[in-house]
Amino acid sequence: MVVIKYGDPMLRKKCAKVTDFSNLPILVDDMFDTMYEEEGIGLAANQVGVDLNLMVIDVSHTVETDDTHTFVNGEITDSWGDSVFEEGCLSIPEVRLEVKRPEFIKFKYQTIDGNEKEEEFTGLLGRAIQHEIDHLNGILIIDRVSPIVRMQVKKQLKEIEKESKQKKTPKDRKESFVL
Ligand code: NI
């Protein structure tokens, strides 16, 4: 799968609810493969052109968890606290921004089998969930910073947008914490 870059209207869509769970395992496998290929730690379905409320996350390089995560029809139901952390995004290559988000979230979601759950998350996993939920609602990290900071990356955004319209993928990227 090809990761869609900034400038594509797909990234501004509010994604549709998943109602048919039968094809999810294949789609989720493809999404994990794409995420690992791109060296990301999280990926939202609309980043690969799929209009569904679905995300995959793997933060197992940290000590917090060993698991990979798939969240379907996710919704943040409560949040509290503040934290600032530098984020990257596979759809906005090479741009790093300090993003302020709640430190804790209460998150309602369905598993890949359709089971409903509600749990609290914090740390890198909590942050990754918030970043991907933003994607699924058409929100990007550049919307979460001040106009001044946005101005500072304006030129980079224009270049990504231009490449996105030419359907080219930027090469030679080295990234660590990209979501
Ligand atoms: Ni992202």
Which of Ile142, Phe104, Asn73, positive extreme of dipole for the chain (C-beta unit charges)
Ile142
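Charges only on Cβ, +1 for Lys and Arg, -1 for Asp and Glu: so what's the dipole of segment 63-134 about the Cα centre, in debye to the nearest 20?
On the way: 7 positive and 18 negative charges, 35 e Å.
So the magnitude is around 160 debye.
If contacts are Cα pairs under 8 angstrom and at least 6 residues apart, what is the relative contact order of the chain in percent? Can you show the working numbers first?
Values: 334 pairs, mean separation 50.5, N = 179.
Worked out over the chain, it gives 28 percent.
Exceeding 32 Å between C-alpha atoms, which entries from my cross-link table qualify? They are Lys14/Lys106; Lys108/Lys154; Lys17/Lys165; Lys108/Lys158; Lys108/Lys165.
Lys108/Lys154; Lys108/Lys158; Lys108/Lys165
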Along the Cα-to-Cβ line of Asn137, 7 Å from the Cα, sits a label point; which residues in segment 30-61 have backbone N less than 15 Å from it?
53-54
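Order the peptides 121-132, 69-80, 8-19 from the highest to the lowest mean number of other Cβ atoms within 10 Å of their residues. Mind dumping the intermediate values first?
Details: 121-132: 22.2, 69-80: 17.5, 8-19: 14.4.
With the highest mean Cβ count within 10 Å placed first, the list reads 121-132, 69-80, 8-19.
On a full-extension model of 0.36 nm per residue, what is the gain between Ser60 and Lys106, subtracting their alpha-carbon distance, rounded to one decimal in nm?
Values: separation 46, 0.36 × 46 = 16.56 nm, distance 2.08 nm.
Result: 14.5 nm gained on full extension.
Just the number, please: Stokes-Einstein D of segment 9-175 in µm²/s, Kirkwood Rh from C-alpha pairs, 4 °C, 1.567 mPa s.
Values: Rh = 16.5 Å.
It comes out at roughly 78 µm²/s.
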Gain upon complete extension [Asp67, Glu159; 0.36 nm per residue less C-alpha separation]:
29.5 nm
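What percentage of the solvent-accessible surface of the chain, computed with a 1.4 Å probe over protein heavy atoms, is contributed by carbon and sulfur atoms?
On the way: 4560 of 9450 Å².
C and S atoms contribute 48 percent here.
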Treating cross-link reach as a plain straight distance, find the aspartates and glutamates whose alpha-carbon is under 14 Å from the alpha-carbon of Lys155, omitting any fewer than eight places away in the same chain.
Glu94, Glu163
Met10-Thr77 pseudo-label distance in nm [points 7 Å out on the Cα-to-Cβ vector]
3.2
Computed over the chain, protein heavy atoms only, probe 1.4 angstrom, the accessible area per residue in square angstrom equals 53
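If packing is taken as the average number of other Cβ atoms within 10 Å across a peptide's residues, how do 23-29, 54-60, 148-154 rank, most packed first? Mind showing how you got there, number by number?
Working: 23-29: 14.3, 54-60: 24.0, 148-154: 12.3.
Top to bottom by mean Cβ count within 10 Å: 54-60, 23-29, 148-154.
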Can you give the charge dipole size of the chain about its Cα centre, rounded to the nearest 20 debye, using +1 on the beta carbon of Lys and Arg and -1 on the beta carbon of Asp and Glu?
1220
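The values are calculated or read from the model by the stated rules, or taken from the named source; none is laboratory data. Owing to the predicted nature of the structure, the values given are computational and were not obtained by experimental measurement. Positions of Cβ are backbone-derived with ideal geometry, glycine not excepted, and every protein chain shown enters the neighbour counts. These area figures cover heavy atoms from the full protein model, side chains too; ligands, DNA and RNA do not enter into them. Shrake-Rupley method; radii C 1.70, N 1.55, O 1.52, S 1.80 Å.
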